[in-house]
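So the structure is just underneath, and the comments pick up after that.
What follows is calculated from the coordinates using simple rules that are stated; it is not laboratory data. In this text the structure is predicted, and so the values were computed from the model without any measurement. Glycine gets a Cβ as well: all are built from the backbone with ideal geometry, and neighbour counts include every protein chain shown.
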Amino acid sequence: MKLTPRLQKIAQLIDKGSKVIDVGTDHGYIPLYLISNNLIEKCIAADINIGPLNTAKNTFRKHGIEHMVEFRLGSGLSVLKENDDIDTAIIAGMGGETIISILEEAPNFSKGLTLIIQPMTEVLTVREYLDKNGWEIIDEDIAKEGQRFYEIIKAKKKRNTSFLSYKQYRFGPILLAKKEDSFVYYLKKQYEKNRKIINYLDQGSNTSDIKENLIADNNLIKEVLKEIEGTGNNPKN
């Protein structure tokens, strides 16, 4: 089966042979892809709602491999048992605060899992939470679907006590280090989006804080683009 760009990028960050739990599995497309292509050894598909879980079951049933995945109804990582032998958790397609809540409420034995996280909102907040709560971001990617960009984070338990900078929280330490074309494209699009909002706010009143934050963000974007590309290709003011 063919995944959307967002789901494909998530799947690509999962180590071959992993034992996976997909939290909030919805249609079950990522587990189906991983199992169908013999990319993982084991999978638990979990969802807090029975409707999406039944949808995932039907997805696997149609492909004749329902027996190859275990379905569990429940909240977040609380569905895990200590003897489940799972090493990787996918937590994708949710708001940043929801993802943080899932990690906060996770059983202690799950703290050593490799995390594949794709927040729909508050990516900066998620990175900061991971960094300040013992997780190290070891890989990142970015996917574009339609007009929207999605950042995907891979994290493991930290081996050191160092912390990231605000710039790394905002843009991602690995994305900053990789300097890939997709990341540069995202930065330029974000700059233009911010600029249009700033111009719109100029026509109103009582928006000074929002405007100042957007201007500060664009200044940071220009700084990053200058580091990546040099002075020649920065967006214009």
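Per-structure values
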{"quantity": "Phi to ³J(HN,Hα) by Karplus 6.51 cos²θ - 1.76 cosθ + 1.60 over the range 121-131, Hz, x for Gly, Pro", "calculated": "9, 6, 5, 4, 4, 5, 4, 5, 4, 4, 4"}
{"quantity": "Part-to-part distance (alpha-carbon centres) for the range 63-125 and the range 15-48, which is given in Å", "calculated": "11 Å"}
{"quantity": "Angle between the chain longest axis and helix 208-229 axis [Cα atoms, degrees, rounded to 10]", "calculated": "80 degrees"}
{"quantity": "Length-normalised contact order of the chain in % [C-alpha pairs under 8 Å, at least 6 apart]", "calculated": "14 percent"}
{"quantity": "Proximal charge balance of Met68 [Cβ under 14 Å; K/R count +1, D/E count -1]", "calculated": "+1"}
{"quantity": "Helix-only [θ]222 nm of the chain, DSSP H runs n ≥ 4, -39500 (n - 2.57) each, per residue, nearest 500", "calculated": "-13500 deg cm²/dmol"}
{"quantity": "The chain - Kirkwood radius from inverse mean 1/r over Cα pairs (Å)", "calculated": "19.2 Å"}
{"quantity": "DSSP-assigned coil residues among GluC sites (Glu not before Pro) in the range 83-134, each with at most 13 further Cβ atoms within 10 Å", "calculated": "Glu105"}
{"quantity": "Ranked Asp141, Asp84, criterion: other C-beta atoms within 10 Å, fewest first", "calculated": "Asp84, Asp141"}
{"quantity": "Exposure proxy order (Cβ contacts within 10 Å, fewest to most) of Tyr186, Tyr166", "calculated": "Tyr166, Tyr186"}
{"quantity": "Charged-residue dipole, Cβ positions (Lys, Arg, Asp, Glu), the chain about Cα centre, Debye nearest 20", "calculated": "560 debye"}
{"quantity": "Lys189 paired with Ile48, simple spin-label distance in nm, labels 7 Å along Cα-to-beta-carbon", "calculated": "2.8 nm"}
{"quantity": "Calculated FRET efficiency for the pair Lys62/Lys178, C-beta based, R₀ 41 Å, to 0.05", "calculated": "0.65"}
{"quantity": "Reachable lysines from Lys226, criterion Cα separation under 20 angstrom, eight or more residues apart if same chain", "calculated": "Lys167, Lys178, Lys179, Lys188, Lys189, Lys193, Lys236"}
{"quantity": "Sorted by Cβ neighbour density within 10 Å, fewest at the top, the residues Met120, Met94", "calculated": "Met120, Met94"}
{"quantity": "Estimated FRET transfer efficiency when R0 is 45 angstrom, pair Asp15-Asp202 (beta carbons, to 0.05)", "calculated": "0.40"}
{"quantity": "FRET E, pair Thr161, Thr125, Förster distance 25 Å, beta-carbon r, rounded to 0.05", "calculated": "0.75"}
{"quantity": "Angle in degrees between helix 181-201 and the longest Cα principal axis of the chain, rounded to the nearest 10", "calculated": "60 degrees"}
{"quantity": "Environment charge of Val126, counting only residues whose C-beta is closer than 13 Å and scoring Lys/Arg +1, Asp/Glu -1", "calculated": "-3"}
{"quantity": "Packing rank of 47-56, 22-31, where each peptide gets the mean count of other beta carbons within 10 Å, highest leading", "calculated": "22-31, 47-56"}
